[in-house]
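Please treat every number below as a calculation from the coordinates, not as lab data. From a predicted model like this one, the values you see are computed outputs, not experimental measurements. When we count neighbours, we look across all protein chains shown, and the Cβ atoms used for this are built from the backbone with ideal geometry, even at glycine.
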Amino acid sequence: MIRAAIGRFRPRLVAMESPQLAALLATQAGMVSRRQLNALGLDHNFVRHQVDARRWVVRTPLVISTTTGEPTWVQRAWTGILHAGPGCAVGGLSAAKIQRLRNWERHEITILVRDSADIAPVDGIDFVRTRRDLEAMKLPGTRAPVCRIEPAVLLFAGYTRSPRTACGVLAAVVQQRLTTPDSLLLWLDMMRPLRRAKLFRTTLGDIAGGAQSHAEIDIGALCRRNRLPLPDRQVRRRDARGVLRYTDCEWRLPDGRVVVLEVDGGFHMEVEHWVADMSRERGLVVEGSTVLRCTTFELRRDPAAIARDLRSVGVGHPPTSGRVGEASV
C-alpha cells in the first residue's frame, strides 16, 4: 500500500547515465539530489549539460528533476526529502496521505527535520523542526522516509491552529481504520510532552466509546459541559421492518424509554440521504424511541439549546410532562 502511494518511476536514460542512477531515479520518482549525483561521479558540468539540453530541471539549488513537466505530488514530496537531506521524514497530513488518509489533503507538503537543521525554504514545502527522535517515528519498509501515522497526526494535531481540526483528524484516522484509539494513546504517552494531550485523551476516549465523527465527539463535550449522561453510540438496532440500523447517540432512561439523537452533516442535504434518514427515523419511532435531530452547525453554534431539548425529553432527570414519550421529529 505504501509502496504504491510513494509511486513508481521508469526513467528514460540519456547516454551517460549509469545503471545505479537509473535505479535511484526509479525509487525517487525521477528526482535526485546533487549530493547523490556527485556520489555517482556525475559532476556539476554533467548536470548543467542535461539542464541546458532541457532534459532535466533544477527544482531547488540541491535537487534536480529528470522530468520537465509540472511535478506530481510524489515528486514534490521527494523534492522536500532530498532538499532536507538525511535524517528527515515526511510528516503531518502528508505522511497520513501516503498511508491513505482521505479527505484531509493540504497543498503544502510537511517534512520533519532535526531542530538543528539549517535548511533554505522551498515553495510548497513546510519544513517542521523537531527535537523528537525521528528515526523512532519512521515507518519501516518504505522507500521514502515516512513518519508512522500515529506520531504524524498527533504532531499535526498538537500544533495546528484549531482544536476542532485537531480532534477531527484523530477521529478520521480511526474511522478510516488506519489506526486505533489504543495505538494513538500509546504514542501519546511516548510523545510526552505534547500540546493538547489532555484534550486528545478525552477525544480518544470518546472515539473508543463509539464516536465515529467529530460531531459525535462534540456530543460528548456537550454532555460533560451540561452534566448530562454520556450516550451509547452507533448502537445496532432492528427497526419495525427488521432492518439493521445504527443510531448516532442513544440514552436509555430509567423508565425504559430510549432517546435517540441523530446528527446530520452537510451531506444530509442531498435528497437521497435525507429520504433514507426519514425512513430510518420512522422505523425507530414505531419501535417506541423518542428521536431528536440536530445538525453539526447547531452543535457548534448553539449546543446549550440541544442540551435543553435533551433534558425536556427526560435525559439527565425524570420527565416533567406526560407527553415526553411521544416521538419528536
Can you give me the relative contact order of the stretch 81-141 as a percent, contacts being Cα pairs under 8 Å and 6 or more apart?
-> 32 percent
Considering the zone a paramagnetic label at Asp123 would reach in this model (a point 7 Å from Cα along the Cα-to-Cβ line), which residues of the stretch 51-88 have amide N under 14 Å from it?
-> 58-61, 70-71
Quick one: if you stick a label point 7 Å off each Cα along the C-beta vector at Val235 and Tyr159, how many nm between them?
-> 4.3 nm
Once a ≥ b ≥ c are taken as the square roots of the eigenvalues of the Cα gyration tensor of the stretch 13-149, is the result rounded (a/c under 1.5), prolate (a/b larger than b/c) or oblate (a/b not larger than b/c)?
-> prolate
What does the highest-first list of 179-185, 114-120 look like by mean Cβ count within 10 Å?
-> 179-185, 114-120
Looking at the square roots a ≥ b ≥ c of the eigenvalues of the Cα gyration tensor of the stretch 150-262, which shape do they give, rounded for a/c under 1.5, prolate if a/b is larger than b/c, or oblate?
-> prolate
Glu262 to His44: extension gain in nm, 0.36 nm per residue of separation minus the Cα-Cα distance?
-> 72.1 nm
To the nearest 0.05, the calculated FRET efficiency linking Val57 and Arg143 through their beta-carbon distance, R0 being 25 Å, is 0.70
Answer rounded, prolate or oblate for the stretch 82-189, using the Cα gyration tensor with square roots of eigenvalues a ≥ b ≥ c: rounded when a/c is under 1.5, else prolate when a/b is larger than b/c, else oblate.
-> prolate
